[in-house]
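Some notes on the structure that comes next.
The values are calculated or read from the model by the stated rules, or taken from the named source; none is laboratory data. Model, not experiment: these values are computed from the prediction. Don't worry about glycine lacking a Cβ; one is built from the backbone with ideal geometry, like all the others, and counts go over all protein chains shown.
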Amino acid sequence: MKLLVSFNEFILERAMADHTDYLILEGGAAGHMAHPFDDKNLTFGDFKKMIESGLQGELSFEEAPTEKTDGQNLFATVKNGQVLFSRNKGQLVQPLDLQGIIRMFTGHASKMVEDTYILAAKDLASALPKIKDQSMFNDGKSFMNMELIYSLNPNVIVYDRDVIQFHGMVDTDGSGNVTGESPRAAKELVKLLQDVNAHVGKTFTMIPPQVLALRKDENFADKLPYFMKKIEDLRNRYGLSDHDEVSKYHEMWWREEINRAFPNVSSDVKEALLQRWAYDNKQAMDFRTMSKAVEAKDMDSIKKYDKVDSGKKYKENIRPFEDLFLEFGSVVLKNASNFLAASPDQEMQRLHNQIRTEADRIKKSGGTDQIAKVEAELDRLSRIGGVESIIPSEGLVFRYNGKIYKLTGTFAAINQLMGIIKYGR
């Protein structure tokens, strides 16, 4: 039994709704730019191969690893010589022209976000029509996925360059459905723009994904057995082998949990609960049907568990894999160079100082909930390498067996900490 991997519409909505750069994958393996621990169909052997290669400084399985940057997301295409833009799935069918994107962002709550999108759209509207061969846009059905990095509008990482970074082409059927992707189109489009001297706009310079240089970890002889033992301890918990998919671990974990929490319900109901909580398949047996098959008190417990505990248990289930790969990512990223930030050492020190200073301030004078959240994120940061492991990048991206994966190291923790620091949540 496979875990659900049909993420296409969900991931596309996420990519367009926030500033992260999700990449759609099609053609036999639907997915997104996931952490390795998100893909339950990888084997424990795959995990070992990734970790050994990463510690060796060799994540170029199919192409060179690139930097995952921290900007705002936008999709653009060209039809009949006109540049059109998308920020949600509906706009893949009816994309906005330049005036439409200007209207969309004029008056935005953040003047810097408004400027980022409007200035970038103007540069793109001027540059893309200059390309002689427009065929890669497939008459407006294929969209370049890109990230807007504006030095005056930083998120967590502060960049001192204004760039539009192309990620890859997303192909659609004209009705908003994704049919394929081409990451190599990003580099091709930049070359076409350079050929007509259109890659530098009034505000932004258009660039391909930033290729990172990796080196072998100086403590490779110690780090390799350290991470291998973590994988083998997880694998051995349920007597699995390197050839087994990680989904088997998660399924057995959830069966164990469901048997513990609801020992008296029938096997059919347990199977439905497994589908609901492990596979996010709520259609296996809806609660109305389930209520006819269990005692009222058990149904009340199931509903309470579904509402209150299932999310916490999901995090408990995934946490050892998440911690493993976030710690691994922090090691790999410490051995990386050629980041987009022009002064990475200076930006790294700024992040270290800001996290320490602001976290200490909140712990001394913040509210109870705020302090608890900060301490939880600091604890997570400690598990995956600590403040000293923070580097000036959101992470790196690599391709393995035809799929795109990301390693983010400490970024998730510092992103949450910065949210608490800035917004109190």
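Please work out which one of (1) closer than 29 Å to PRO183 by Cα; (2) modelled with pLDDT under 85; (3) not polar (S, T, N, Q) is the condition TYR423 fails and give its number.
TYR423 satisfies all of (1) closer than 29 Å to PRO183 by Cα; (2) modelled with pLDDT under 85; (3) not polar (S, T, N, Q) except (1).
Results for (1) under 23 Å from the mean Cα position of the chain (by Cα); (2) closer than 26 Å to GLY402 by Cα, shown as yes or no for each residue.
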| site | (1), (2) |
| --- | --- |
| ILE51 | yes, yes |
| THR66 | yes, yes |
| LEU74 | yes, yes |
| GLN91 | yes, no |
| PHE105 | no, no |
| ALA121 | no, no |
| GLN134 | no, no |
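Quick grid of which residues meet (1) in contact with a strand residue (DSSP E or B) (Cβ under 9 Å, 6 or more places away or on another chain); (2) among the hydroxyl-bearing types (Ser, Thr, Tyr):
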| site | (1), (2) |
| --- | --- |
| LYS315 | no, no |
| GLU327 | no, no |
| SER330 | yes, yes |
| VAL374 | no, no |
| LEU378 | no, no |
| VAL387 | no, no |
| PHE398 | yes, no |
| ILE404 | yes, no |
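Of all residues in segment 281-327 being in contact (Cβ under 8 Å) with a residue 12 or more places away in the chain and β-branched (Val, Ile, Thr), which is farthest from TRP254 (Cα to Cα)?
Looking at residues that are in contact (Cβ under 8 Å) with a residue 12 or more places away in the chain and β-branched (Val, Ile, Thr), I get VAL294.
I'm trying to understand the selection: among the residues of segment 167-206, which are in a strand (DSSP E or B), in contact with a helix residue (DSSP H, G or I) (Cβ under 6 Å, 6 or more places away or on another chain) and either among the aliphatic types (A, V, I, L, M) or under 26 Å from LEU333 (Cα atoms) (or both)?
Filtering segment 167-206 down to residues in a strand (DSSP E or B) leaves 167-172, 178-182, 200, 205-206.
Subset that is in contact with a helix residue (DSSP H, G or I) (Cβ under 6 Å, 6 or more places away or on another chain): 167-169, 172, 178, 206.
Once the filter is applied, which keeps residues that are in a strand (DSSP E or B), in contact with a helix residue (DSSP H, G or I) (Cβ under 6 Å, 6 or more places away or on another chain) and either among the aliphatic types (A, V, I, L, M) or under 26 Å from LEU333 (Cα atoms) (or both), segment 167-206 yields HIS167, GLY168, MET169, VAL178, MET206.
Between a first residue in segment 80-106 that is free of Cβ contacts under 8 Å to residues at least 12 places away in the same chain and a second residue that is among the hydroxyl-bearing types (Ser, Thr, Tyr), which pairs have beta carbons less than 8 Å apart while being 6 or more apart in sequence or on different chains?
So the pair list comes out empty.
Any idea which of (1) in contact with a helix residue (DSSP H, G or I) (Cβ under 7 Å, 6 or more places away or on another chain); (2) in a loop (DSSP other than H, G, I, E, B) is the one GLY239 doesn't satisfy?
Status for GLY239: all satisfied but (1).
Does segment 112-135 include one or more residues that are farther than 27 Å from GLN194 by Cβ, touching a helix residue (DSSP H, G or I) at 6+ places or on another chain (Cβ under 8 Å), surrounded by fewer than 20 Cβ atoms within 10 Å (Cβ to Cβ) and in contact (Cβ under 8 Å) with a residue 24 or more places away in the chain?
Taking segment 112-135 as the starting set, the residues that turn out to be farther than 27 Å from GLN194 by Cβ are 112-114.
Narrowing further to those that are touching a helix residue (DSSP H, G or I) at 6+ places or on another chain (Cβ under 8 Å): 113-114.
With surrounded by fewer than 20 Cβ atoms within 10 Å (Cβ to Cβ) added as a condition, the list becomes 113-114.
Subsequent filtering for residues that are in contact (Cβ under 8 Å) with a residue 24 or more places away in the chain retains 113.
Checked segment 112-135: at least one residue is farther than 27 Å from GLN194 by Cβ, touching a helix residue (DSSP H, G or I) at 6+ places or on another chain (Cβ under 8 Å), surrounded by fewer than 20 Cβ atoms within 10 Å (Cβ to Cβ) and in contact (Cβ under 8 Å) with a residue 24 or more places away in the chain.
Which residue is surrounded by the most Cβ atoms within 10 Å (Cβ to Cβ), if the candidates are limited to segment 181-225 and must be among the polar types (S, T, N, Q) and under 30 Å from LYS48 (Cα atoms)?
As a first pass, look at segment 181-225 and keep what is among the polar types (S, T, N, Q): 182, 194, 197, 203, 205, 210, 219.
So of that shortlist, the ones also under 30 Å from LYS48 (Cα atoms) come out as 182, 210, 219.
Values: SER182: 14, GLN210: 19, ASN219: 11.
Result: GLN210.
Output the number of the condition that TYR305 fails; it satisfies all remaining conditions of (1) surrounded by fewer than 19 Cβ atoms within 10 Å (Cβ to Cβ); (2) assigned to a loop (DSSP other than H, G, I, E, B).
Just one mismatch for TYR305, condition (2).
Among (1) more than 18 Å from ASP70 (Cα to Cα); (2) touching a residue at least 40 places away in the same chain (Cβ under 8 Å), which single condition is LYS364 missing?
(2)
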